[in-house]
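This report concerns only the one structure given below.
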Amino acid sequence: MTQPKHSLFAQHAYLPDGWRRNVLFEWDAAGMLTSVAPDTAVAPRGVEQAAGPLLPGMPNLHSHAFQRAMAGLTEYRANATDNFWSWRDLMYRFAARISPDVLGAVAQWLYIEMLKAGYTSVCEFHYVHHTPDGHRYTNPAEMAQRVVEAASTSGIGMTMLPVLYQYSGFGSRAPREDQQRFINSPDSLLDLLGALRTARPESNAIRYGVAPHSLRAVSEQSLHALLGGIHASAPVHIHIAEQTAEVDACVETEGARPVQWLLDRFDVDSRWCLVHATHVDANETLALARSGAVAGLCLTTEANLGDGIFPAQDYLDANGRIGVGSDSHIGVDWRAELRLLEYGQRLTRRQRNVLASARATYVADRLFDAALDGGAQATGRAVGALQAGRRADWLVLDPDHSSIAEHAPNAWLSGVVFCEHGETPIRDVYAGGVKVVENRRHRDEEGAYARYRVALADLLK
Ligand code: ZN
């Protein structure tokens, strides 16, 4: 009997109904799973065997690729009240120096780091559109295309979300000098989207959506204009309530808190992702959960920037949807995001296993499932589960790693998420059916890292 060309046998795999034994995977030339068959009696002859247990690849729902180059460079006190806003000034100075070549090299290295960490999709919230003095590049999509190409070369799936950025604050305040690289209009953003689609049409590897930057950077009218110009199912991501100063300014000028304001005026549903819904009151928490939108949580960045703690327990108990993102890339590891999500609750409440539920008593399993589902929803792509019809994205755990060795399968996710003892337990990673990471090395690792170092040296000189 001849076997299909694209197949893999795994002794253990985490399917939508939990850990299953002896699973045969088949996928097509486009990288989409065509069959997932548990309880296959023996490994068919000629079919490759996975080196360890399989987990679905995790979507990363929030990334600003260029910020990877400044990770670790702002960890000193610059003034007496160092906070998010002083960090943002440093970030703007950094953004002013990014060229298309540098952005491409940084993004490619970042996406390789993501794949090695087990992120197989990324939602790129892309806002550095123009030349440093605010003019358009000859090709207005130059910067965004470098990021799209970096994703394609690395193998990671992408949802490209070009950003609408018009104002520097509530009340349509004029943009600042150091925001000129970001500034556009709904019309110019829709043109940019059209150019991106022409250069690389949508496929199972790439989807396009939009990202109104935040309520402080767009108006109600421009947000309506933007949404009117895209397909009704296209993903929409927005920074919503990361800072208390932003919430206060919204209340003062608009008469409502940001999440409430948005829910009252727009048809916020499952295609929306509200990034950093950190500061929500009890009513907003329940209303956001009911909307079907995803709350985009970026715990390591939110901790790094001193943002605050999202009311995760109440929101999850109301069946709210979540996903995780590495955002500023101070860390690129979904395991750390999930761990910190739980630890923020433990430290605040002085309890353990806070984010477990009566039905899901293992915290890591509940959070992994939630971040997979919500993350996949935020990408707008067919990912996030090991089942036919989804992209063939998974990671292979090292069965000999100390975080899972000798443990029963029902403890594996706990070990993967909560244990931190040296090298990652993630051994191999497949994206679109292609093994892009083998034995903890990406296929382009050396060359991409060398190019990243050259780009970083150029940026920092
Ligand atoms: Zn962000």
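The values are calculated or read from the model by the stated rules, or taken from the named source; none is laboratory data. This structure is a prediction, so every number in the text was calculated from the model and none was measured. Cβ: placed from backbone, ideal geometry, glycine included. Neighbour counts: every protein chain shown. Areas reflect the complete protein model, heavy atoms only, side chains present, ligands, DNA and RNA absent. Shrake-Rupley method; radii C 1.70, N 1.55, O 1.52, S 1.80 Å.
Computed quantities for the displayed model
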read-out: By accessible area with a 1.4 Å probe, ligands and nucleic acids excluded, highest first: order of Ser357, Ser233; value: Ser233, Ser357
read-out: For the stretch 352-358, Karplus couplings with θ = phi - 60° (6.51, -1.76, 1.60), whole Hz, Gly/Pro x; value: 10, 6, 5, 8, 6, 9, 4
read-out: Probe 1.4 Å, all protein chains present, accessible-area order of Trp85, Trp27, largest first; value: Trp85, Trp27
read-out: Folded to 0 to 90 degrees: helix 186-199 orientation relative to the chain principal axis, Cα; value: 30 degrees
read-out: Cross-link partners of Lys435 among lysines (Cα-Cα below 19 Å; sequence separation of 8 or more within a chain); value: Lys5, Lys116
read-out: With DNA, RNA and ligands ignored, accessible area of Leu73 (1.4 Å probe; Å², nearest 10); value: 80 Å²
read-out: Phi to ³J(HN,Hα) by Karplus 6.51 cos²θ - 1.76 cosθ + 1.60 over the stretch 101-109, Hz, x for Gly, Pro; value: 4, 5, 4, x, 5, 5, 5, 5, 5
read-out: Solvent-accessible area per residue for the chain (1.4 angstrom probe, square angstrom); value: 40 Å²
read-out: Inter-site label distance for Glu149 and Arg176 at 7 Å from Cα along Cβ, in nm; value: 3.2 nm
read-out: Phi-based couplings in Hz for the stretch 240-250 (Karplus 6.51, -1.76, 1.60; Gly and Pro marked x); value: 10, 8, 7, 10, 5, 5, 5, 5, 4, 5, 5
read-out: Residue-level accessible surface for Arg390, protein heavy atoms, 1.4 Å, Å²; value: 70 Å²
read-out: C-alpha long axis of helix 445-460 to longest principal axis of the chain, angle in °; value: 20 degrees
read-out: Long-range HN-HN contacts of Met158 with modeled amide H, under 5 Å; value: Val122, Ile206, Arg207
read-out: Sorted peptide list for 400-406, 362-368, 431-437, criterion being average Cβ within 10 angstrom, highest first; value: 362-368, 431-437, 400-406
read-out: Square roots of 5 times each gyration tensor eigenvalue, C-alpha, the chain, largest first, Å; value: 35, 26, 21
read-out: Cut-off under 5 Å, modelled amide H: who pairs with Cys298 long-range; value: His276, Gly325
read-out: Carbon + sulfur, % of accessible area of the chain - ligands and nucleic acids excluded, 1.4 Å; value: 49 percent
read-out: Amide H contacts of Ala293 (H built 1.01 Å from N, under 5 Å, at least 5 apart or other chain); value: none
read-out: Thr361 accessible area, 1.4 Å probe, all protein chains in place, Å² to nearest 10; value: 90 Å²
